[in-house]
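S.K.: Quick one: structure below, then a few questions.
The values are calculated or read from the model by the stated rules, or taken from the named source; none is laboratory data. Here the structure is a predicted model, which is why all the values come from computation and not from measurement. Virtual Cβ from ideal backbone geometry, glycine too; neighbours counted across all protein chains shown. For accessibility, only protein heavy atoms count, side chains too; no ligands or nucleic acids. Shrake-Rupley method; radii C 1.70, N 1.55, O 1.52, S 1.80 Å.
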Amino acid sequence: MKLCYNLCNNYGVAIFIFTLFSKIILLPLSIWVLKNSIKLVRIQPEVNEIKIKYFGDREQIAEEQNKLYKREKYRPMISVIPTFAQLIVLMAVIAAIKTGISDPEINKMFLGIDLTLVPSVEKGWLCLSALAAGFSALLMCIAQNRSNVLPSEQSAWNKYGMLAFSVGLSLYLGWFVSVGVALYWVASNLLSIVQLYVLNGIFKPRSYVDYDKLEETRKELKELENLSNEQKKKYGKDVLKREKADYKKFFSVVNKHLVFYSESNGFYKYFKGIIEYILKNTNIVIHYITSDPEDKVFEMAEKEPKIKPYYIGEKKLITLMMKLDADVVVMTMPDLENFHIKRSYLRKDIDYVYIPHGIGSNNLTMRTGSLDHYDTVFCCGPRQREEVEKTEIAYNLPKKRIVEWGYPLLEEMIEDYKKLPENNSTQKTVLIAPSWQKDNIVDSCLDEILSKLAGKDYKVVVRPHPQHVRHRAEQMKQLQDKYADNDNIIIQTDFSASDTVFKADIMLTDWSGIAWEFAFTTQKPLVFINTPMKVMNPEYQKIDTVPLNIELRDVIGQSIDLDKLDTLPETIDYLFANKDEYYDKIGEIVKENVYNIGDASAVGARYIIQSIKTKINERKESK
């Protein structure tokens, strides 16, 4: 400090020169820290992917992050070194200025201010010294937040907590130390801002960020973080305690052979026949995980000791699936491994079995790569099998085990349909059943359709999707009021009775999956309105198999474009007149497109049983 004073004979300027020299001397350290930070900038999307993959498992996240940091030679603790260096220099400055106070050769005045004075002692206008120190710290924090290349990744503490801490510390420091020390602090902060922008201009940290990947992973991570909050709001603390107990109970059981996972209560119907066959013919215990605390499986388990149910919410499910230990896992949920639900990292030999939701095209209605990470895929019919095999060829994927299964739910619907009392009414019924997708019948043309059919002698029943009743309640009410005086038009918003679907003589829909259940159960024709098609897989045409959902529209009924709705009444009349022909035609289509009618549950169950036996034998042979 004295050397700097001897250069200019001005104590204030000397402090500034000293500050500048200290920044130059510490510049290599600053560059080293910046380069280390750039490594974090570059790998941040990968860090997010780790947090997504092992969401909820803090130990595994820490372990995987440490592996990544070692691979990239990133050192998290380097960022605190400049802070310690700055504190050391600050203490040295305080000591130097204290020493300089007693040196008679040094003029302590700067711009008419005695730099040895302390604001807390002198008070008055010297408080501006503390305010200047605090303001310079505020400017530095604002500059750091603005120049940070990952603003979306910064927490509120990083953005505002450190700002408040730095400003508060600077105000405190400026109040209780001499004006000369406050001057050093102001100069240090202002030079740090200049250095920050100069180094960012030279090294350009932003050029190392894959912002598309960063945004994609950030959104997915945010969705996962919101799961627990939504769960608490929906079910309350008691259910979370129950989940914790079920989680512990699940992992207390060793040698689990068979696990089913159900997203909610409504998914049991896809497993029902398989589970009943296994319970009846084997001693296998079924571990049934559900993300619905009100799932009816809990009532069933009270009567059936071989069913062990567990309530596990979506957030906790992420960790559970990663630590899963079982021989066979059966799910209806696509996109295994593609998003937050992953395959087990404890056991690599688990047979993951996919059960389809319906008879139609998986290639069209599910995301690209939805089944890539399953070992076994149950197929309802030849077309689904063909899609799986051609997907493997097109994307060079490992071959899966394909089970020619069928669709037990269809068998159950056919049996229930046969039990319905005979309809003796001479009046025909047209059921309008729209899907819940963009530009569906309700959104695009329902009122026009009803106006075309209002004067006909057949009954028209509108059975909207439940989401329409929920989100388009006002529209449904307006339609009910509009056709209140027309006994032949009914807007049905009560879904307690399901027999309405199968009692209809013709169904009118757009792209709803219910079309296949209606046609294949009743063998009655449909009218398809050609609203814009919902395509979940934009690459579906890469597989040279025409989806059933498209091919059969004009086979099991008639399709009509939106600009030709005037032909709707005569199309319906044609289908009524040719119902017997369609009955026979649809019956043949069912035989051609659905495997093992009458025996599908047994076929699926026998595969699972055999897979479990194979796993057990492999373990015995390896010992």
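S.K.: Run lengths n ≥ 4 of DSSP H only: what is the helix-derived mean residue ellipticity at 222 nm for the chain, with -39500 (n - 2.57) per run over all residues, to the nearest 500? List each step's numbers first, then the result.
M.R.: Details: 27 runs with 344 residues, N = 623.
So the helix-based figure for the chain works out to -17500 deg cm²/dmol.
S.K.: List every residue whose amide H lies under 5 Å from the amide H of LEU431, counting only residues 5 or more places away in sequence or on a different chain, with H placed 1.01 Å from N in the peptide plane.
M.R.: So LEU431 has HN proximity to VAL461, ASP505, ILE506, MET507, LEU508.
S.K.: Relative contact order of the range 499-623, please, whole-number percent, based on alpha carbon pairs below 8 angstrom and at least 6 residues apart. It would help to have the intermediate numbers written out before the result.
M.R.: Values: 98 pairs, mean separation 31.4, N = 125.
Relative contact order comes out at 25 percent.
S.K.: Treating the range 1-45 as a set of equal point scatterers at the Cα positions, no solvent, please give the Debye-formula log₁₀ I(q)/I(0) at q = 0.25 Å⁻¹.
M.R.: Treating every Cα as an identical point scatterer, log10 I(q)/I(0) equals -0.79.
S.K.: Take each uninterrupted DSSP H stretch in the chain, measure its Cα extent along the helix axis, and return the ones at 27 Å or beyond whose mean Kyte-Doolittle hydropathy is at least 1.0.
M.R.: Working: long enough: 27-53 (38 Å, 0.26); 81-101 (30 Å, 1.89); 127-147 (30 Å, 1.15); 179-203 (35 Å, 1.56); 211-235 (36 Å, -2.07); 600-622 (34 Å, -0.52).
Qualifying helices: 81-101, 127-147, 179-203.
S.K.: Tell me the GluC sites (Glu not before Pro) within the range 30-130 that lie in a loop according to DSSP and have at most 16 other beta-carbon atoms within 10 Å.
M.R.: On the way: sites: GLU46, GLU49, GLU59, GLU63, GLU64, GLU72, GLU105, GLU122; in loops: GLU105.
Of the GluC sites (Glu not before Pro), the ones in loops of the range 30-130 whose Cβ has at most 16 other Cβ atoms within 10 Å are GLU105.
S.K.: OK, next. Near HIS468, within a Cβ-to-Cβ distance under 12 Å, what is the net charge of the other residues, with Lys and Arg +1 and Asp and Glu -1? Please report the intermediate quantities before stating the final value.
M.R.: Details: positive: ARG463, ARG470, ARG472, LYS477; negative: ASP443, GLU474.
With Lys, Arg at +1 and Asp, Glu at -1, the neighbours total +2.
S.K.: Further, regarding this structure: Quick check: pseudo-label points 7 Å beyond the Cα along Cα→Cβ at LEU68 and LYS585, how many nm apart are they?
M.R.: 5.6 nm
S.K.: From the P(r) of the range 441-485, could you give the percentage of C-alpha pairs in the tail past 16 Å?
M.R.: Values: 354 of 990 pairs.
So the pairs more than 16 Å apart make up 36 percent of the total in the range 441-485.
S.K.: Given the range 580-621, what whole percent of its Cα pairs are spread farther than 11 Å? Before the final figure, lay out the partial values.
M.R.: Details: 610 of 861 pairs.
In whole percent, the share of Cα-Cα pairs in the range 580-621 beyond 11 Å is 71.
S.K.: Another question about this same structure. Tell me the per residue accessible area of the range 10-160 using a 1.4 Å probe; a whole number in Å² is fine. If you can, show how the numbers build up before the last one.
M.R.: Numbers: 8570 Å² over 151 residues.
Per residue, the range 10-160 has 57 Å² of solvent-accessible surface.
S.K.: While we're here: Just read off the accessible area of HIS471 with the full protein assembly in place, 1.4 Å probe, to the nearest 10 Å².
M.R.: Here the residue's solvent-accessible area equals roughly 100 Å².
S.K.: Translational diffusion coefficient, Stokes-Einstein: compute it for the range 540-623 using the Kirkwood radius over C-alpha pairs as Rh, at 4 °C and 1.567 mPa s, and state it as an integer in µm² s⁻¹.
M.R.: On the way: Rh = 17.4 Å.
Estimated via Stokes-Einstein, D reaches 74 µm²/s.
S.K.: Using only the alpha-carbon atoms, what does the range 309-382 span along each of its principal axes? Please give whole angstrom values in decreasing order.
M.R.: Extents along the principal axes: 34, 25, 23 Å.
S.K.: Considering only protein heavy atoms, with the full assembly of protein chains and a 1.4 angstrom probe, order SER425, SER170 by accessible area, largest first.
M.R.: Details: SER425 70, SER170 0 Å².
I get SER425, SER170, largest accessible area first.
S.K.: Let me ask something additional. When you count, for each residue, the other Cβ atoms within 10 Å and take the mean per peptide, how do 560-570, 178-188, 599-609 rank with the highest first? All intermediate terms of the calculation are to be shown ahead of the outcome.
M.R.: On the way: 560-570: 13.3, 178-188: 25.3, 599-609: 20.7.
Highest-to-lowest ranking by the protection proxy: 178-188, 599-609, 560-570.
S.K.: Determine the relative contact order of the chain: mean sequence separation of Cα pairs under 8 Å and six or more apart, normalised by residue count, in whole percent. Please report the intermediate quantities before stating the final value.
M.R.: Numbers: 857 pairs, mean separation 72.4, N = 623.
Relative contact order here is 12 percent.
S.K.: Could you calculate the FRET efficiency of LYS2 with PHE165 from 1/(1 + (r/R0)^6), where r is the beta carbon distance between them and R0 is 30 Å, rounded to 0.05? Show your work: numbers first, answer last.
M.R.: Details: r = 33 Å, r/R0 = 1.10.
The formula returns an efficiency of 0.35 here.
S.K.: Which whole number in µm²/s is D for the chain by Stokes-Einstein, with the Kirkwood Rh taken over Cα pairs at 37 °C and 0.692 mPa s? Display every interim value, and only then the final one.
M.R.: On the way: Rh = 30.5 Å.
Roughly 108 µm²/s, to the nearest whole number.
S.K.: Hey, another quick one. Using Cα-Cα distances under 8 Å and only pairs 6 or more residues apart, what relative contact order does the range 267-338 have, in percent? Numbers along the way, then the final one.
M.R.: Working: 45 pairs, mean separation 21.1, N = 72.
Averaging sequence separation for qualifying contacts and normalising by length gives 29 percent for the range 267-338.
S.K.: Cα centroid distance between the range 250-276 and the range 513-552, in Å?
M.R.: Going from one Cα centre to the other spans 29 Å.
S.K.: Return an integer: the convex hull volume of the alpha-carbon atoms of the range 331-482, in Å³ per residue. Intermediate values should be presented prior to the final figure.
M.R.: On the way: hull volume 27.4 nm³, N = 152.
Here the figure is 180 Å³ per residue.
S.K.: Any of LYS241/LYS613; LYS53/LYS219; LYS39/LYS315; LYS249/LYS342 with alpha carbons more than 25 Å apart? Name them for me.
M.R.: LYS241/LYS613; LYS39/LYS315
S.K.: Pairwise over distinct Cα atoms, reciprocal of the mean inverse distance: report the Kirkwood radius of the range 241-327 in Å, one decimal place. List each step's numbers first, then the result.
M.R.: Working: mean 1/r = 0.0761 Å⁻¹.
Over the range 241-327, the inverse of the mean reciprocal pair distance is 13.1 Å.
S.K.: Could you work out how much longer the chain between VAL239 and ALA473 gets when fully extended? Use 0.36 nm per residue separation minus the Cα distance between them, nm to one decimal.
M.R.: Working: separation 234, 0.36 × 234 = 84.24 nm, distance 3.08 nm.
Stretched out fully, the VAL239 to ALA473 stretch lengthens by 81.2 nm.
S.K.: Can you spot the lysines whose alpha carbon is less than 20 Å from LYS2's alpha carbon? Ignore those fewer than 8 places along the same chain.
M.R.: LYS23, LYS98, LYS108
S.K.: Kindly provide the GluC sites (Glu not before Pro) of the range 391-434 that DSSP labels as loop, not H, G, I, E or B, and whose Cβ sees at most 15 other Cβ atoms within 10 Å. Before the final figure, lay out the partial values.
M.R.: Details: sites: GLU392, GLU404, GLU411, GLU412, GLU415, GLU422; in loops: GLU422.
Within the range 391-434, the qualifying GluC sites (Glu not before Pro) (loop, at most 15 other Cβ atoms within 10 Å) are GLU422.
S.K.: Further question on the same structure: Provide the packing ranking of 458-469, 273-284, i.e. peptides ordered by the mean count of other C-beta atoms within 10 Å per residue, highest first.
M.R.: Working: 458-469: 19.5, 273-284: 17.5.
Per-residue mean Cβ counts within 10 Å order the peptides as 458-469, 273-284.
S.K.: Would you mind getting me the FRET efficiency between ILE550 and ARG58? Use the beta-carbon distance for r and R0 = 51 Å, nearest 0.05. The partial results should precede the final answer.
M.R.: Working: r = 47 Å, r/R0 = 0.92.
The computed FRET efficiency comes out at 0.60.
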